[in-house]
1. Between H232 and D108, what FRET efficiency comes out of the Förster formula 1/(1 + (r/R0)^6) with R0 = 41 Å and r the beta carbon distance, rounded to 0.05?
2. Relative contact order for the range 91-342: what percent, with Cα pairs under 8 Å and sequence separation of 6 or more?
3. Obtain the nm distance between the two label points defined at S213 and E179 by a simple spin-label model: each point lies 7 Å from its Cα along the Cα-to-C-beta direction.
4. Provide the packing ranking of 179-187, 146-154, i.e. peptides ordered by the mean count of other C-beta atoms within 10 Å per residue, highest first.
5. Skip the ligands, DNA and RNA, and give the accessible area per residue of the range 91-342 with a 1.4 Å probe, whole Å².
6. Taking K and R as +1 and D and E as -1, what net charge do the other residues with C-beta under 9 Å from the C-beta of Y308 add up to?
7. I want to make sure I understand the PRE zone here: with the label point 7 angstrom from the Cα of A255 toward its beta carbon, which residues in the range 104-127 have backbone N atoms less than 14 Å away?
8. How would you order 295-302, 170-177, 280-287 from highest to lowest mean count of nearby Cβ atoms within 10 Å?
Amino acid sequence: MNEMSELERLRAEIPRPAAADLRAEEGRLMAAIGAADASAPGTSRARPRPRARRRTLGFGLGAGLAAGALVAGAVVVTGDPSPHGGSGTTTPHLMPVASVQLLNRAADSVRGQKELHPKPGQFLVYESQSTNLSEDNDAGRHWAYLTREKRKVWLPLDGDSTRGFIEAERLAPKAIPGEAIPPHALKEVGRRGPEKLADTDGTGGRTGYQAVSRLPTDPAKMYEHLYTGLGHDARADWDAWGRVGELLGEVYLPAAQRAALFKAASAIHGVTTTGKAADAAGRKGVAASMVDPIGAEREEYVFDPKTYDFLGTRSVVINAGKAKMPVGTVTGATAQLRVSLADQAPPV
């Protein structure tokens with residue numbers, strides 16, 4: 001028996017912990033981390049930080065609809081090879097047949113939208129606006145406020161940010177309820193760029209046009225893609241919802257993949273609709289939304305109420321005790337203003 005076979009035999013003899021035990025252990029671990037953070041010098045409070053869904057691209061170092069009920073019935077999709085399963089495959093995920101009508105309508109509306117056809121050597125140009133929660137310590141006190149920014153990003157088709165560019169305008173910050181805007185935040189208002197782009201979270205390789213154009217066009221297979229490497233509990237659903245958000249940022253999905261993504265997202269357990277929502281630019285819409293199962297916020301993907309075009313995202317506080325902010329406070333938002341093609345990068 002070789003070493004790998006012996007290792008597999010020994011691992012097979014160890015009982016697999018139940019999902020409830022894992023969640024309980026996670027809760028104890030997070031509580032311990034929170035207690036340690038709360039006791040750290042200079043920390044005024046511990047606030048759960050929402051998971052970032054927006055692709056993190058920055059300046060380089062050089063510079064009213066009801067949700068449809070989920071009904072019985074499912075499509076079986078085979079799992080992809082994965083080191084997480086004992087047989088080398090993930091457990092198949094089942095995509096519910098019925099789903100959230102808002103996202104279904106968004107999928108159907110894709111056929112009427114203008115389609116871009118990028119060519120080698122071109123850049124995809126994303127124009128957007130964002131609002132983000134910022135917390136820092138200055139002049140001996142803790143500050144929490146909202147930073148706001150408009151930006152324009154040029155990305156090559158392969159998503160390699162080292163060949164991309166960015167220009168941005170920092171807008172006047174906004175206060176959150178019960179907080180004040182620090183003086184130093186006002187000094188950051190103004191324009192910057194264009195400059196070289198830095199991809200600070202390394203997602204460019206998997207969200208570039210060449211990569212996403214190879215994603216499944218079948219909703220059931222897209223659903224399985226969203227759950228690749230995940231489990232079957234509420235946390236897996238939340239993480240799959242986050243993967244949807246990654247593909248709705250500074251990413252251009254071809255029409256077939258876009259429609260499949262909306263159909264697949266509509267089947268994620270726990271997704272519902274929010275009748276009134278708005279993106280970072282203030283455009284009113286309706287949202288497909290999901291609540292973080294262990295957090296304090298609701299993550300919304302906002303659509304035009306008439307055309308069902310995707311507008312942007314929004315994070316909203318739903319648990320004042322956990323968030324240490326009033327219910328309804330918007331802690332983050334994006335607005336997708338325009339996506340176009342350019343034959344060359346901007347002068348720098």
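The values are calculated or read from the model by the stated rules, or taken from the named source; none is laboratory data. Keep in mind the model is a prediction, meaning the values are calculated, not measured. A quick note on method: Cβ atoms are made from the backbone with ideal geometry, for glycine too, and the neighbour counts reach across all protein chains shown. Accessible surface areas use protein heavy atoms only, side chains included; no ligands, DNA or RNA. Shrake-Rupley method; radii C 1.70, N 1.55, O 1.52, S 1.80 Å.
1. 0.90
2. 24 percent
3. Result for the modelled spin labels: 4.1 nm.
4. Numbers: 179-187: 13.9, 146-154: 19.7.
The densest-packed peptide leads the list: 146-154, 179-187.
5. 42 Å²
6. Spelling it out: positives minus negatives among the neighbours equals -1.
7. What the label zone holds, given the 14 Å backbone N cut-off, is 107-118.
8. Values: 295-302: 24.2, 170-177: 15.2, 280-287: 19.4.
Highest mean packing first, the order is 295-302, 280-287, 170-177.
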